[in-house]
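Comments concern the structure below.
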């Protein structure tokens, strides 16, 4: 259970700090707010990677957990537990953020309290989420590999890659690449964010599957992949 609770705490911090920054900076209205939000999400991942990485591996993202499951790095039981507690953590973070915004709604005027929505067509948003998540999960799988990874610098590499992904994707979808991070804020926001929520669940999961397939082809050393060589 320690691993599950660690994932809950980590996801709570990610949502509270990342989405909280998006709300505080009214993300999307200017370049500085986009850059600030991207940095916030990346720094949240770096902070949690070095805080709970030794306990749970710091997935704090169902898409990453799915990628690890398909790469045989985690059991099905633990993967399910991780995903459930990630969503719970996201709801706790969203509830805390909602409480902050509710006390001073004028501070978050014009924002979506961290919820995601497609700026263009739903198809465009789905493609963006698939591509961006694929890149992100691929970085995670590569940097955390026990033989070929970045060792103690994996958390830094993952956090910086998340900044890069946000800089690219905020314009199109607000950048999710994380179903848990989108589910809870969308429930609190409702409306368009809730109606398009499926994009931010399907897209990241498809991206994670593609990333697992790519890593299996280029860097995986598991017995199954070796037998195929």
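Here, each number is a calculation from the coordinates, and none is a lab measurement. Computed from a predicted model, the values in this text were never measured in an experiment. When we count neighbours, we look across all protein chains shown, and the Cβ atoms used for this are built from the backbone with ideal geometry, even at glycine.
Descriptive notes on the structure:
To keep it simple, each residue is scored yes or no on (1) without any contact (Cβ under 8 Å) to a residue 40 or more places away in the chain; (2) in a helix (DSSP H, G or I); (3) surrounded by fewer than 24 Cβ atoms within 10 Å (Cβ to Cβ).
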| position | (1), (2), (3) |
| --- | --- |
| 13 | no, yes, yes |
| 33 | yes, yes, yes |
| 38 | no, yes, no |
| 63 | no, yes, no |
| 74 | yes, no, yes |
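- Listed by position, the helices (runs of 4 or more DSSP H) enclosed by the stretch 133-213 that each have at least 3 residues that are buried (at least 20 other Cβ atoms within 10 Å of the Cβ) and touching a residue at least 60 places away in the same chain (Cβ under 8 Å) are 154-173, 179-189.
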